[in-house]
1. Restricting to the stretch 26-59, and then to whatever is of a type in the set (Phe, Trp, Tyr) and not in a loop (DSSP other than H, G, I, E, B), can you tell me which residue is nearest to the chain's Cα centre (by Cα)?
2. I'd like to know if the stretch 53-66 contains one or more residues that are surrounded by 14 or more Cβ atoms within 10 Å (Cβ to Cβ), closer than 15 Å to Leu81 by Cβ and touching a residue at least 24 places away in the same chain (Cβ under 8 Å).
3. Among the residues of the stretch 34-52, count how many are without any contact (Cβ under 8 Å) to a residue 60 or more places away in the chain and within 21 Å of Leu3 (Cβ to Cβ).
4. Please go through the stretch 110-134 and give me each residue that is among the hydrophobic types (A, V, I, L, M, F, W, C) and touching a Leu at 6+ places or on another chain (Cβ under 6 Å), ordered by number.
5. Of all residues in the stretch 1-25, count the ones that are among the hydrophobic types (A, V, I, L, M, F, W, C), part of a helix (DSSP H, G or I) and surrounded by fewer than 12 Cβ atoms within 10 Å (Cβ to Cβ).
6. Looking at the stretch 74-128, which of its residues are without any contact (Cβ under 8 Å) to a residue 12 or more places away in the chain and either crowded, with 17+ Cβ neighbours inside 10 Å or of a type outside the set (Gly, Ala, Ser) (or both)?
7. Which one of these is under 27 Å from Pro4 (Cβ atoms) and not in a helix (DSSP H, G or I): Leu124, Leu104?
8. One residue is enough: does the stretch 144-159 have a residue meeting the conditions β-branched (Val, Ile, Thr), at pLDDT 95 or above and outside any loop (DSSP other than H, G, I, E, B)?
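The values are calculated or read from the model by the stated rules, or taken from the named source; none is laboratory data. Bear in mind the structure is a predicted one, so any value in this text is a computation, not a measurement. Counting neighbours? That spans all protein chains shown, and the Cβs are built from the backbone with ideal geometry, glycine included.
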Amino acid sequence: MALPAIPVSQTPEEKFREYLASRSTPQRFTDPQREIVRHIFSKHKHFETDELIEDLKKAGRQASRATVYRTLSKLVDAGMLQRIEIGARTVYDHDYGYPQHDHLVCESCGVMIEFQHSAIDAVLQEITAEQGFRMDGHTLVVKGTCSQCNAAKAARRRMVM
């Protein structure tokens, strides 16, 4: 399921510039950071750091590896990206401009499937209310095997028999 973008009051560049300016020690919004933000938010895609670096090179955008890592960390701190730890992998996903959603992760092929379900939100609201807990957000990652990998495994079993 592809999630539609939701309306936001600022472009990702404006939002990130505002975040940098609001820090206890304000920081400049550099050209390499601008290129990284533009690239990341030009399409909704989960990505790993090395994949982003390679994509930037292919697109002819210049940013050092250190700048990419620092910018990703700041985008997470700014609430614009979500860092998802899956075993040894670190995957980034858009938080800014997209609705709250969760992920199914195939441990065979690595595909990430986004989904939303109102029952999950309702259960979380109920649990947090019972505990007097104020929820700011959540991350749910369900690990397993996707339908295509399950079908491939079933086909291999049929061939063996």
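1. Pass one, the stretch 26-59, residues of a type in the set (Phe, Trp, Tyr): 29, 41, 47.
Cutting the leftovers down to not in a loop (DSSP other than H, G, I, E, B) gives us 41, 47.
Details: Phe41: 11, Phe47: 7 Å.
By that ranking, first place goes to Phe47.
2. No; the residues of the stretch 53-66 include none that is surrounded by 14 or more Cβ atoms within 10 Å (Cβ to Cβ), closer than 15 Å to Leu81 by Cβ and touching a residue at least 24 places away in the same chain (Cβ under 8 Å).
3. Just the residues of the stretch 34-52 that are without any contact (Cβ under 8 Å) to a residue 60 or more places away in the chain, to begin with: 34-45, 47-52.
Among the residues that remain, those that are also within 21 Å of Leu3 (Cβ to Cβ) are: 37-45, 47-48, 51-52.
So the answer is 13.
4. Looking only at the stretch 110-134, we keep the residues that are among the hydrophobic types (A, V, I, L, M, F, W, C), and these are 111-113, 115, 119-120, 122-124, 127, 129, 133.
Passing the criteria: only Ile113.
5. Our first condition is that a residue be among the hydrophobic types (A, V, I, L, M, F, W, C); within the stretch 1-25, this holds for 1-3, 5-6, 8, 16, 20-21.
Those still in the list that are part of a helix (DSSP H, G or I) too: 16, 20-21.
From what is left, the residues that are surrounded by fewer than 12 Cβ atoms within 10 Å (Cβ to Cβ) are 21.
Residues in the stretch 1-25 being among the hydrophobic types (A, V, I, L, M, F, W, C), part of a helix (DSSP H, G or I) and surrounded by fewer than 12 Cβ atoms within 10 Å (Cβ to Cβ): 1 in total.
6. Within the stretch 74-128, Arg83, Glu85, Val123, Gln125, Glu126, Ile127, Thr128 qualify.
7. Leu104
8. There is no residue in the stretch 144-159 that is β-branched (Val, Ile, Thr), at pLDDT 95 or above and outside any loop (DSSP other than H, G, I, E, B).
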